[in-house]
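Accompanying notes for the structure given below.
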Amino acid sequence: MNASARPQAEGSLQWHRIRMIEHPLIRYGLTVLAIAYLFWSVGALDIDWSRMAAGLPRAKNMVVRMIPPDFSRTQLLVRGVLESVQMALIASFLGMILAIPLGICGASNLVPKPIYLIARTFIILSRTFHEILVAILFVKIFSFGPLAGVLTLTVSSTSFISKMLAEDIENMPSGQMEAVRATGANFPKLLTYCISPQALPRYLGVSIYRLDANLRHSTVVGIVGGGGIGQVLAASFSRYDYDFSLAIILSIIALVIVGEFFSSWVRERLR
């Protein structure tokens, strides 16, 4: 193609946007139905707009009483933050350990079908319930305190890491595992020389991410009695101690930021 013909040929190209639903009538009809359902949902919630407007002055009063933050109770603040960090570290470590056998059993290309179904059922069930619901259950069983928070974060960490590990193992090239099996290697050697070298970097990266998530979740489960700085925050709100509440919130923000930087630094070193 010569130079004069090339611009004409390029100008004749027509680009079309890819649509999930090509038929315009169905596409616009679904859009109208979605908008109509949105308005119906807002109306069905029975929102009391007058009550909402009356709450704005109370919100303003609460913000005014929060400023400036009260950092005078440093010992209580530091103890709550350290307890949240300890909960996150313990739960992450236990989750990393428990996720290894569960993730291996949840890989369909490694274990028999019955073991795979049992492991996957446990992973699905443990991921079904939010941490708050699990924390309420453990608080009812073991009473208030960090034990309930540690168990809650351990369950969520185990289910999350094991799911990622199982999916990574299932996505590994089958040729490498078949080659190792062809040498007569047993199951432990298959895990040592084939599965571990490929899954370890991803496993460590997911575990570090889960540690970062546990730092944030440890402040949430404490609100329902799971220990940590979240429990101190809930107590301060119940006493209308808003200036101390702001100090706790700022401490939580600082804790999450530090955890984010630490997680990013470790993941960068693992690459």
Which one of Gly228, Gly149, Gly43 has the biggest mean-square fluctuation once the chain is modelled by GNM with Cα springs under 10 Å?
Gly43
Does region 112-271 come out rounded, prolate or oblate, given a ≥ b ≥ c as the square roots of the eigenvalues of its C-alpha gyration tensor, rounded meaning a/c under 1.5 and, failing that, prolate meaning a/b above b/c?
oblate
Taking only the alpha carbons of region 118-194, the radius of gyration and the largest Cα-Cα distance, Dmax, both in angstrom, are 17.9, 54
In nm, the gap between the two label points placed 7 Å beyond Cα toward Cβ at Ala59 and Lys140 is 3.3 nm
Taking the Cα centre as origin and putting +1 on Lys and Arg beta-carbons and -1 on Asp and Glu beta-carbons, what dipole magnitude results for region 69-270, to the nearest 20 debye?
460 debye
Tell me, what is the percent relative contact order of region 69-270, built from C-alpha pairs under 8 Å that lie six or more residues apart?
31 percent
May I ask you to derive the FRET efficiency for Ala179 and Arg202 from their Cβ-Cβ distance with R0 = 22 Å, giving the value to the nearest 0.05?
0.60
Which of Ser143, Ser157, Ser251 moves most in a GNM of the chain, Cα contacts under 10 Å?
Ser143
How about region 203-266: which chymotrypsin sites (Phe, Trp or Tyr not before Pro) there are in a DSSP loop, with at most 14 other Cβ atoms within 10 Å of their Cβ?
Tyr240
Structure-derived mean projected area of the Cα convex hull in nm²: which label, when the choices are [x] 26.9; [y] 16.2; [z] 14.4:
[x]
Taking the highest mean first, how do the peptides 59-69, 124-134, 83-93 order by number of other beta carbon atoms within 10 angstrom per residue?
83-93, 124-134, 59-69
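Could you tell me which helices of the chain pass both thresholds, a Cα extent of 18 Å or more along their own axis and a mean Kyte-Doolittle hydropathy of at least 0.0, with helices taken as whole DSSP H runs?
24-44, 74-105, 113-128, 146-170, 242-270
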Under the classification rounded if a/c is under 1.5, otherwise prolate if a/b is larger than b/c and oblate if not, where does region 48-139 fall, given a ≥ b ≥ c as square roots of the Cα gyration tensor eigenvalues?
oblate
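Coordinate-derived values only; no laboratory data. The model shown is predicted, which means the values in this text are computed figures rather than measured ones. Virtual Cβ from ideal backbone geometry, glycine too; neighbours counted across all protein chains shown.
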